[in-house]
Amino acid sequence: MTDLLDQLVAMSRAVGDPQLDAAILGEGNTSALEEDGSFWIKASGTSLGTMTRAQFVHLQREQVLGLLDEEGVDEARLNAVYQAAKCDPGQSARPSVETVFHALLLGYPGVRFIAHTHPTAVNALTCSLGWPQVLEGRLCPDECVVLGPDSVFIPYIDPGVILARAIRDGVDAYARRHGAAPKVIYMQNHGLVALGRSDRECVNITHMAIKAARLRLGALAAGGLKPLSETVISGLLGRPDEQYRQRLLDGR
Ligand SMILES: [Zn+2]
């Protein structure tokens, strides 16, 4: 039987596949939530494309979450909290520098897997003068169905607790607007976060965000972006046939 950690390994290798050009070297990180509230996170210094079960750190989510509301968290404090949060205190690997935002995002309803990558096509836009407008709206029905009605945009902040706090504000504002967690977060000069119910959904979101970025780069070169209207977007998202297709694609 495939367990959650096997699914996380498979998802990590899929988004770390060199052909996708979403992460090289130690870029990006992934996580998954267990039924008991603990979670698995990629260890620091490992590569997405070659992940193994032993390269994930198993942490208690509640302990990591406490960092979100703590002021002046330094390196020593971060390490102490991570060590105390380890489900197996004997595990020596250090969790990813982006662990706090994973712990946060895995707490939103319907979010079980997170895939964070730095795709070249997406970052061509997050690093552009046109940020964030060049990533706003939806250009075609599939972008809308896979990535949801809208995205969350986070201004540049160094990885760590302060970035996780900005992500919390952005996702909470999105949830108030749309009544659900977002599918995709874009971080300025940094990358992409996919939030999924399943490992396959995170892979699908990552693929679609990369395709959408390429489409946007092409449209910008051809004179500019012409997004779908809000009426078309809400019509597409309300269609039972699109919802059915989506559930099949996500393996639900
Ligand atoms: Zn990153």
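Rule-based calculations on the coordinates, nothing more; no lab input. What you see is a predicted model, and the numbers here were worked out from it, not measured in a lab. Glycine also receives a Cβ, built like all others from the backbone with ideal geometry; neighbour counts cover every protein chain displayed.
Take Ala54, project a point 7 Å from its Cα along the Cβ direction, then tell me which residues of the range 75-110 have their backbone nitrogen under 17 Å from it.
Residues 88-95 fall inside that zone.
Highest first, please rank the peptides 238-246, 179-187, 113-121, 148-156 by the mean number of other Cβ atoms sitting within 10 Å of their residues.
Ranking the peptides 238-246, 179-187, 113-121, 148-156 by packing returns 113-121, 179-187, 148-156, 238-246.
At what distance in nm do the modelled label points of Tyr156 and Arg77 sit from each other, each positioned 7 Å from its Cα along Cα→Cβ?
In this crude label model, Tyr156 to Arg77 measures out at 2.6 nm.
Give the angle, between 0 and 90 degrees and rounded to the nearest 10, that separates the Cα long axis of helix 161-178 from the longest principal axis of the Cα atoms of the chain.
The helix 161-178 is inclined about 40 degrees to the chain.
Looking only at Gly110, Gly223, Gly170, which one moves most when the chain is put into a Gaussian network model with springs between Cα atoms under 10 Å?
Residue with maximal mean-square fluctuation among Gly110, Gly223, Gly170: Gly223.
Would you calculate a helix-derived [θ] at 222 nm for the chain, using -39,500 (n - 2.57) for each DSSP H run of n ≥ 4 and dividing by the full residue count, to the nearest 500?
It comes out at -13000 deg cm²/dmol, rounded to the nearest 500.
Pop a pseudo-label 7 angstrom from the Cα along the beta-carbon direction at both Arg247 and Leu5 and give the gap in nm to one decimal.
3.2
Would you mind computing, in nm to one decimal, how far apart the modelled labels at Arg94 and Ala222 are, each placed 7 Å from Cα along Cα→Cβ?
Between Arg94 and Ala222, the simple spin-label model gives 4.7 nm.
With the contact rule set at Cα under 8 Å and sequence spacing of 6 or more, what percent relative contact order holds for the chain?
Values: 437 pairs, mean separation 50.5, N = 252.
Here the relative contact order equals 20 percent.
Could you give each residue of the range 97-111 its phi-based ³J(HN,Hα) in whole Hz, using Karplus coefficients 6.51, -1.76, 1.60 with θ = phi - 60°, and x for Gly or Pro?
So the J values, rounded to whole Hz, are 5, 9, 4, 5, 6, 5, 4, 5, 5, 5, x, 7, x, x, 9.
What is the projected area of the convex hull of the Cα atoms of the range 4-249, averaged over all directions, in nm²? Can you show the working numbers first?
Values: hull surface 52.3 nm².
Averaging across all directions leaves 13.1 nm² for the Cα convex hull.
Would you mind working out the magnitude of the charge dipole of the chain relative to its Cα centre, with +1 at each Lys and Arg C-beta and -1 at each Asp and Glu C-beta, to the nearest 20 Debye?
620
For the range 61-67, what does the Karplus curve 6.51 cos²θ - 1.76 cosθ + 1.60, with θ = phi - 60°, yield as ³J(HN,Hα) per residue in whole Hz, taken in order and with x for Gly and Pro?
Result, rounded to whole Hz: 5, 4, 5, 5, 4, x, 5.
Name all residues of the range 203-231 having a backbone nitrogen under 19 Å from the label point set 7 Å from the Cα of Asp142 along its Cα→Cβ direction, giving them as ranges.
Within reach of a label on Asp142: 203-220, 226-229.
Quick check: residue separation of Asp69 and Tyr108 times 0.36 nm, minus the Cα distance between them. What number comes out in nm?
Values: separation 39, 0.36 × 39 = 14.04 nm, distance 1.72 nm.
Computed gain between Asp69 and Tyr108 is 12.3 nm.
Give a residue-ordered list of calculated ³J(HN,Hα) values for the range 209-224 (Karplus: 6.51 cos²θ - 1.76 cosθ + 1.60, θ = phi - 60°; whole Hz; x for Gly, Pro).
Using θ = phi - 60°, the values come out as 5, 5, 4, 4, 5, 5, 4, 5, 4, x, 5, 5, 5, 9, x, x Hz.
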